[in-house]
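Here is the structure we will look at.
The values are calculated or read from the model by the stated rules, or taken from the named source; none is laboratory data. Since we're looking at a predicted model, the values are computed, not measured. Backbone-built Cβ (ideal geometry, glycine too); neighbour counts: all protein chains shown. Each accessible area value is taken on the protein alone, full model and side chains, heavy atoms only, with ligands, DNA and RNA left out. Shrake-Rupley method; radii C 1.70, N 1.55, O 1.52, S 1.80 Å.
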Amino acid sequence: MKVFAFPLSKITLAFVAGLILSLYFPLALNYALTLTVTSFAIALVLNRWTKTSFGQIAFSIAVLLTTISTAFAVRSLNDDRHHSEHYIHLSHDNDSAIIFNLREKLRTTKSGQRYIANIESINRQNATGKITVTIRNADSLPLKIGDRLIAYTKIITNRPPLNPGQFDYGKYLANKGIYGQIFIDPKTSKKIGTVDNMWSWADRYRTKVVQKLADEGFNEAELHVVAALILGQQQEISPEIIKNYQFAGAVHILSVSGLHIGMIALMLGFLLNQLPNTPGSRLIKAITIIAVLWIFGLIAGFSPSVVRSVTMFSFLTVGNYLRRSTNIYHTLLVSALVILFVEPSFLVDVGFQLSYAALFFILWMQPMFDSMWSPQNRLVKYFWDILTVSFAAQIGTLPLSIFYFHQFPGLFFITNLLIIPWLSIIMSIGVAVIILAAFGTAIPFLLWLLEWSIWLLNQIIAWIASFESFIFQDIPLEIGSMLLLYTLIVSLALFCTEKKCYNLAISLVVIATLQLTNIFKTQSTRNTDESLIMYSPRSSLILDRRGNNLTVFSRDSVNLDQLSSYTLSSHLTSIKEKKLSNLIYVRKKILIIDSASVILPSMKPDVVLLTQSSRVNLERLIDDLKPAEIVADASNYRSSISRWEETCRKKKIPFHSISEKGFYKIK
């Protein structure tokens, strides 16, 4: 592809490669800077011999090494843990007086209202770093972004998944520069002031707009969708609506991205076209568009997809002002390089990856589809363009979507055909309503029209999502297969356009590799036997796997959704449930003890599983039954676990707390 002949293309790819390597092989800042300076100096020296082929190759290698080492240095510079006052370097094993300010609101969970916060001090000692805050009973402590709080609690550092195959949320937070979390209660915390910054300003603006619409009688369900579509805030949307959008293949419109930014840029361009075509007017037009887009990006929360879109449209606006022909691929790559240089953690953000994948494939594949058929009728061409763009974006994001979400909406093309034209109308009305609401004004007709439009949009989405047979779920895909799938897509697309044999050969090799990989996984699954005591907060849960078949032991009915991560990663085909008795044989003899258990000296178990905070005399039990190991599941109180652990330490018998260490593998 000609785009990779552009020098910055190679530099961007090298920088991305460096960031990926730095995730697995991190370098201290001094080593990364030394390597960067050394490779840069070598590149300067080799620049004198670029007239020879050997000199050109050596210079290119030196430049790539400089770029890769720069990526290591940028990653290290952005790692807050290098700061001596970061909270991970301070003692926080016990409850401490922690002062922090709220930066970003997250989705509410069963545990409480969640925020991202900046630590200011711990026990009157200056501290820094981002942390997640979960506030129980948050209604009794109304908060807003920028509020400063003091709380007496303990910082819980990120820990690995507690069950096999489970999403590693701790790693996800760490990639965002968040290494711990706290849980607080209004009774043990209080508000002590506010911090004025751009995040608090944006939150006040959003709150003012949403409150104005609510005061005007805007229906709650539609109001939350407006907040997502235009203000970039999805936190309050009901799970049912989000599920409908996911099943219909339209969840991307709930996140402010290139589609929304592009519509706003077009509206601004249309309004500013009334200015005379003079250098001064063009400069005003460019500055206005860029300023408005970045202000809108701030209001929308500067998510990775928003930053990508605003950055790219800013480059395009500058190119238009300079009246230079802009290669859209180059703009895309330069925007990625700039964004990752400033915020390297965006590379591992799912939204960032999906956003760039979708846009790249739209730019690359949509012209291919367009060349197949170019309708003369303008209306037909409009819908054909929507269809081809939808297919290009879906092809580009398909491997990533299956890898992260394990599902594929089969009716995505119908969804886009129906909602994209409607969305442009909603955005036009919505932007006008939001601007008026910010000034405390509302036009009843526009409010009614926007509310009705959102209601109709939700009805269309719900109707498409109701065809569940077209929603392909629980599709397992590992990272290796995902990369192979991308290789197959690219090689087939290149073969269709260039008709070269080596592209077809690559496609056939990839298909064969995918088949062999699938055969290997199937065989590996058949030969895998294991038994696990799982992390389950409410009751004991024991799994016994024999190849593709799984038996689930539990005293209560099991919600199989909580096992989906394990069943997907293990490629299981059969799952059956059995009632859990007090004594079972799963590889070993396991005695389950709760408050109602009857213990007989003749039981002689290999493993004792303590559950439901049993009041058993553990010391006497160990003396009588002499088990090889004691396990406490996640249904126990922490005080009970601590007491049992101390007893096992005295008796010199292994103890495993599932609440702290995660699942237990029965060997």
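Quick rundown of the values:
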{"item": "Reachable aspartates and glutamates, given that their alpha-carbon falls under 13 Å from the alpha-carbon of residue 243 and they are not under 8 places away in the same chain", "result": "468"}
{"item": "Rough spin-label spacing in nm, given labels placed 7 Å along Cα→Cβ, for residue 318 and residue 653", "result": "6.9"}
{"item": "Protein accessible area in segment 383-533, 1.4 Å probe - carbon and sulfur %", "result": "73"}
{"item": "Relative contact order (percent, whole number), the chain, Cα cutoff 8 Å, 6+ residue spacing", "result": "10"}
{"item": "Efficiency of FRET between residue 638 and residue 441 - r from beta-carbon atoms, R0 35 angstrom, step 0.05", "result": "0.05"}
{"item": "Full-extension gain in nm, residue 197 to residue 378, via 0.36 nm per residue minus C-alpha separation", "result": "60.4 nm"}
{"item": "Hz values of 3J(HN,Hα) by residue in segment 631-648 - Karplus curve (6.51, -1.76, 1.60), Gly and Pro given as x", "result": "10, 10, 7, 7, 8, 8, 5, 5, 4, 5, 4, 4, 5, 5, 4, 5, 4, 5"}
{"item": "Nearby lysines by direct alpha-carbon distance to residue 661 (threshold 17 angstrom, same-chain neighbours under 8 apart not counted)", "result": "171"}
{"item": "Simple spin-label estimate for residue 139 and residue 242 in nanometres, 7 Å along Cα-Cβ", "result": "2.0"}
{"item": "Cut-off 9 Å between beta-carbons: net charge of the residues surrounding residue 114, Lys and Arg +1, Asp and Glu -1", "result": "+2"}
{"item": "Fully extended contour minus Cα-Cα distance, from residue 667 to residue 21, at 0.36 nm per residue", "result": "229.0 nm"}
{"item": "Over the chain: helical MRE at 222 nm, DSSP H runs n ≥ 4 each giving -39500 (n - 2.57), nearest 500", "result": "-18000 deg cm²/dmol"}
{"item": "Span from the segment 50-128 Cα centroid across to the segment 520-572 one, whole angstrom", "result": "36"}
{"item": "Sites residue 207 and residue 516, calculated FRET efficiency, Cβ-Cβ separation with R0 56 Å, nearest 0.05", "result": "0.50"}
{"item": "By average C-beta atoms within 10 angstrom, highest first, the peptides 274-285, 393-404", "result": "393-404, 274-285"}
{"item": "Cα-based helix-to-principal-axis angle, 304-322 vs the chain, degrees rounded to 10", "result": "10"}
{"item": "Computed E for residue 568/residue 10 - FRET, C-beta separation, R0 51 angstrom, nearest 0.05", "result": "0.85"}
{"item": "Where segment 521-652 is the region considered: accessible area per residue in Å², 1.4 Å probe", "result": "53"}
{"item": "Hz values of 3J(HN,Hα) by residue in segment 381-388 - Karplus curve (6.51, -1.76, 1.60), Gly and Pro given as x", "result": "5, 4, 6, 5, 5, 4, 5, 5"}
{"item": "Largest to smallest accessible area among 152, 87 [probe 1.4 Å]", "result": "152, 87"}
{"item": "Highest to lowest packing among 188-196, 232-240, scored as the average C-beta count within 10 Å", "result": "232-240, 188-196"}
{"item": "Centre separation in Å (Cα based) which lies between segment 286-352 and segment 380-404", "result": "22"}
{"item": "Segment 304-367, relative contact order in percent, only Cα pairs under 8 angstrom and at least six apart counted", "result": "43"}
{"item": "Angle in degrees between helix 279-299 and the longest Cα principal axis of the chain, rounded to the nearest 10", "result": "10"}
{"item": "Percentage relative contact order, segment 564-667, counting C-alpha pairs under 8 Å, at least six apart", "result": "21"}
{"item": "Solvent-accessible heavy-atom area per residue, rounded to whole Å², over segment 249-354 at 1.4 Å", "result": "44"}
{"item": "Fraction of accessible area attributable to carbon and sulfur, segment 90-185 (%, probe 1.4 Å)", "result": "47"}
{"item": "Global form of the chain, assessed from the alpha-carbon gyration tensor, a/c cut-off 1.5", "result": "prolate"}
{"item": "Degrees, to the nearest 10: 7-24 long Cα axis against longest axis of the chain", "result": "10"}
{"item": "Residue 524-residue 620 pseudo-label distance in nm [points 7 Å out on the Cα-to-Cβ vector]", "result": "5.0"}
{"item": "Karplus 3J(HN,Hα) series, Hz, for segment 234-247 with 6.51 cos²θ - 1.76 cosθ + 1.60 (x for Gly, Pro)", "result": "9, 4, 9, 5, 5, x, 5, 5, 4, 4, 4, 5, 5, 5"}
{"item": "Heavy-atom accessible area per residue - segment 387-467, 1.4 Å, Å²", "result": "41"}
